[in-house]
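Report on one structure; see the data block that follows.
The values are calculated or read from the model by the stated rules, or taken from the named source; none is laboratory data. None of the values given here were measured: they were computed from a predicted structure. Please note: Cβ atoms are built from the backbone with ideal geometry, for glycine as well, and neighbour counts cover all protein chains shown. For accessibility, only protein heavy atoms count, side chains too; no ligands or nucleic acids. Shrake-Rupley method; radii C 1.70, N 1.55, O 1.52, S 1.80 Å.
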Amino acid sequence: MLIAACVKLVEIRPLVDPLTGSVDPGREVGCSAADRAAVEVVRRLAESWSARTLLISVGPPRAEPLLVELAAVGIDAAVRIDAPRGVDSSTVGRLLAATLADVGADVVVCGDYSSDRGSGSVPAFIAHHLGAAQALGLVEVHTEGPGSLRVVRRLDGGRREVAVVDAPAVMSVEGSVAELRRAPLRSVLADAVPVEVVATDVPLSVRTLPTRAFSPPTRVASAPTGTPLDRVVELTGALVERTPPRTVALDPPEAAGMILEQLRSWGYLDEPDPA
Amino acid sequence: MSGTDFDVVVVGAGPAGSAAAIEVARAGRSVCLLERGPSPGSKNMYGGVVYGRILDTLVPAWWEQAPVERWVTRRSTMLISGDQALTVDFRNPGWGEAPHNGATAYRPEFDSWLAGVAVDAGAELVCSTTATGLIREAGQVVGVRTDRPNGDLRASVVVACDGVNSFLAKEAGMYPHDDPSNFTVGVKETIALPRHVIDERFAVRGDEGVDIEILGCTGDVPGGGFVYTNRSTVAVGLVLSLPALAAGGTRPEEILRLLKAHPAIAPLIEGGEVVEYSAHVIPEAGYDMMPELVGDGILVAGDAAAMCLAAGIWLEGVNFAIGSGALAGRTAALAARRGDASAAGLAGYRSSLESSFVLSDHRRLRDAPHLVMSDLAQRVLPAVACGVVEDVFTVTNPTPKPGMRRIVRQRLRRHGVRLRDLFREGLRALRTFG
């Protein structure tokens, strides 16, 4: 039996500009907590079933140190499918499935989604291409017997779904499922698992498509009524009865008391209990 | 050597550890460089400048490859008293040209680069691995234990570069006493500003950078401050006496807030965004707190050996770390080749440090940290200096200008300084720095 873990190299400390929302991916790379959990699940399943293990990733050569580091926890083989960063999920799923079919993987475990704005769709694509059962977004994974698993899946509203999944199967797990064990020092020093590279025909540049500015559909609007002054008054609400704003200068304790009093008068807070 | 995994294990991939590993690997010996962080330098911070002259022999033309933020071409010493500030400002555009003098750098990048040089030389770098203790046989250190499964690592020589408060040196019994007054704590905010804004505010261009050392900015807590420029950030920080902080119950970030609000500092960082706050303990007392540097099977280098020079106008650490680490590496490699890792076999480390700048500077300036932390230097000197300059430049027409001697004497009297005390401290400073 062969159990495979799929991982993805990502920038682990991206910086998001709070003003513009632009993302600086940062320099530090690694993989998501969910991917690390997937590797640990694979190790545990392999121990239960005396199975062989495989670590696999789609990415550029700089993903190899990550594979070597993760494989040091006791993974038998590592494969990097050569492709540039930014390949879409369906292609990644197709590439992974092709190699996993070649090596005869029985159970495939992925992280539920990568931390670089991943959609979580790669495991589903793999299952589709392999024709395997899929159990995604798992919070627990237990072995039932050889090739059989009892898994718990997160549902909306705090509910859980328990399912029994038999190989061949593709699973994705949340990061909380398992903490990746520490690699023994000897394994780290030995670099014992060489990374096999699988060539692909994926172009080395990302294809870009021309886009147009968004143009809202035309709609018919009725002509405005009344004088311009009426319209300004209506839009601004200037003559509507309202509580006039007040400016007060108080010490913090008094200011806090006044805020509470005001919130009570508006009905946001209950009146204080006299007792 | 039989029964060992490596000839040398170096603990800590900071500047000292990487320099040691480079020397061992280049001597043709096997060396493992252990780092507890996920990458070299990921847990390190400092408050100033990397002085690169020591790198000339270790990495020729290092300035062409080292990840430098700015080359320091402006070096200022600022005395602060109240809302006043007196600055001595020195510019040398020549420091902006190779081979340069000093540079600002981000430690995670600088340390990773230097560790990369060690790896290229043949060292085995193992990150995310903490050395938790020493392995001894018949009193001799023969390796380290780590926090990984099956994590024992045996070697002929262990070089402890595990930073200030070295647990390995302590476990080896090389720190005879542990006096908190020997330590300071450094705190630093890294503040992001557009590069052109930094250039304008600090009056520099291109890769030129500024390093400002400040005295009198720490209130009742003895210490000092610093401001230096990176490409798109400004670092503002303090070095503060640990016992005084503890005794006064003062928060370092509060003192830092006051420094940032000072009229001499606030305009430099106005509008900036704090992107990082960091803190680190510093072995401030230098020579007087150094541990035993050599033991049976073990050498101590860098901050672990208190190789940090806090001598007022000279605030240096990375160069002393690299210098001591390189010498430890050479000694360890030689001992491994000879098959003698006893304290006697490693004794050459101490003598090589003595004959280099590392210990000669520390020995000569051993009184400097005490001088800098004295009340005279901390409070009286900045107040008198600022007061004298204020009196000199304040035009009091129609009153005639007072003479300089009178101004100085009045200011000294106002701050309760007797001339004889001033001369005594002046002589002491001359003996220390002279």
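Observations on the model:
- Some residue of the range B:233-241 being touching a residue at least 24 places away in the same chain (Cβ under 8 Å) and outside any strand (DSSP E or B): no
- Of the residues making up the range B:104-119, just one is open to solvent by 40 Å² or more (accessible area, probe 1.4 Å) and away from chain A (no Cβ under 11 Å), namely B:VAL119.
- Flag not set for A:ILE81, criterion: touching a strand residue (DSSP E or B) at 6+ places or on another chain (Cβ under 8 Å) and within 22 Å of A:LEU138 (Cα to Cα).
- When B:LEU430 is tested against the conditions (1) over 24 Å from B:SER374 (Cα atoms); (2) loosely packed, with under 11 Cβ neighbours inside 10 Å, the lone failure is (1).
- Among the conditions (1) within 27 Å of A:VAL73 (Cα to Cα); (2) open to solvent by 20 Å² or more (accessible area, probe 1.4 Å), A:LEU138 misses just one, which is (2).
- Restricting attention to the range B:136-149, the residues being open to solvent by less than 10 Å² (accessible area, probe 1.4 Å) and in contact with a Pro (Cβ under 6 Å, 6 or more places away or on another chain) number 0.
- Checking each residue in the range B:150-192 for being part of a helix (DSSP H, G or I) and surrounded by fewer than 16 Cβ atoms within 10 Å (Cβ to Cβ) picks out B:LYS170, B:PRO180, B:SER181.
- Restricting B:ASN101, B:ASN44 to residues that are touching a Lys or Arg at 6+ places or on another chain (Cβ under 6 Å) and away from chain A (no Cβ under 14 Å) narrows the list to B:ASN44.
- Residue check for B:VAL408: open to solvent by less than 30 Å² (accessible area, probe 1.4 Å), assigned to a helix (DSSP H, G or I) and in contact with a helix residue (DSSP H, G or I) (Cβ under 8 Å, 6 or more places away or on another chain): no
Yes or no, residue by residue, for (1) over 30 Å from B:LEU125 (Cβ atoms); (2) touching a residue at least 40 places away in the same chain (Cβ under 8 Å); (3) hydroxyl-bearing (Ser, Thr, Tyr):
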| residue | (1), (2), (3) |
| --- | --- |
| A:ALA133 | yes, no, no |
| A:PRO146 | yes, yes, no |
| A:VAL151 | yes, no, no |
| A:ASP166 | yes, no, no |
| A:VAL177 | yes, yes, no |
| A:ARG186 | no, no, no |
| A:VAL193 | no, yes, no |
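- The range A:17-43: number of residues that are within 11 Å of chain B (Cβ to nearest Cβ) and within 20 Å of B:SER39 (Cα to Cα): 4
- One residue stands out among those in the range B:120-135 that are without any contact (Cβ under 8 Å) to a residue 60 or more places away in the chain and closer than 27 Å to B:GLY345 by Cα: the one that is most open to solvent (accessible area, probe 1.4 Å), which is B:THR132.
- Residue match in the range B:27-36 (condition: away from chain A (no Cβ under 14 Å), farther than 21 Å from B:PRO108 by Cα, surrounded by fewer than 22 Cβ atoms within 10 Å (Cβ to Cβ) and not hydrophobic (A, V, I, L, M, F, W, C)): yes
- The criterion of being without any contact (Cβ under 8 Å) to a residue 12 or more places away in the chain and not assigned by TED's automatic domain parsing to the domain that holds B:ALA383 holds for B:GLU254.
- B:ARG205 under 20 Å from B:GLN378 (Cβ atoms) and open to solvent by 50 Å² or more (accessible area, probe 1.4 Å): no
- Condition broken by B:ALA138, with the remaining ones in (1) more than 14 Å from every other protein chain (Cβ to nearest Cβ); (2) more than 17 Å from B:ALA20 (Cβ to Cβ); (3) touching a residue at least 40 places away in the same chain (Cβ under 8 Å) satisfied: (3)
- Within the range A:97-110, if we keep just the residues that are open to solvent by 10 Å² or more (accessible area, probe 1.4 Å) and in contact (Cβ under 8 Å) with a residue 40 or more places away in the chain, the residue that is farthest from A:LEU149 (Cα to Cα) turns out to be A:THR99.
- Here the range A:185-201 is the region considered, the condition is being open to solvent by 70 Å² or more (accessible area, probe 1.4 Å) and assigned to a loop (DSSP other than H, G, I, E, B), and the residue that is farthest from the other protein chains (Cβ to nearest Cβ) is A:ASP201.
- Enumeration of residues in the range B:47-65 that are open to solvent by less than 10 Å² (accessible area, probe 1.4 Å) and either of a type in the set (Phe, Trp, Tyr) or within 13 Å of another protein chain (Cβ to nearest Cβ) (or both): B:TRP62
- When A:LEU66 is tested against (1) within 14 Å of chain B (Cβ to nearest Cβ); (2) touching a residue at least 60 places away in the same chain (Cβ under 8 Å); (3) crowded, with 18+ Cβ neighbours inside 10 Å, just one condition goes unmet, and that condition is (2).
- Looking only at residues of the range B:103-135 that are within 24 Å of the chain's Cα centre (by Cα) and acidic (Asp, Glu), we find that the one that is modelled with the lowest pLDDT is B:GLU109.
- For the range A:141-184, the candidate set comprises residues that are touching a helix residue (DSSP H, G or I) at 6+ places or on another chain (Cβ under 9 Å) and polar (S, T, N, Q); within that set, the residue that is surrounded by the most Cβ atoms within 10 Å (Cβ to Cβ) is A:SER172.
- Sole residue being touching a residue at least 12 places away in the same chain (Cβ under 8 Å) and either within 14 Å of another protein chain (Cβ to nearest Cβ) or under 23 Å from the mean Cα position of the chain (by Cα) (or both), chosen from B:GLY206, B:GLY173, B:GLY225: B:GLY225
- Looking only at the range B:144-170, residues that are out of contact with any Phe, Trp or Tyr (no Cβ under 9 Å at 6 or more places or on another chain) and within 14 Å of another protein chain (Cβ to nearest Cβ) come to 9 in all.
- Single match in A:ARG212, A:ARG160, A:ARG207 (criterion: modelled with pLDDT of 85 or more and of a type outside the set (A, V, I, L, M)): A:ARG160
- Condition met for B:PRO15 (away from every other protein chain (no Cβ under 14 Å) and under 19 Å from B:GLY163 (Cβ atoms)): yes
- Residue in the range B:77-87 that is open to solvent by 20 Å² or more (accessible area, probe 1.4 Å) and assigned to a helix (DSSP H, G or I) present: no
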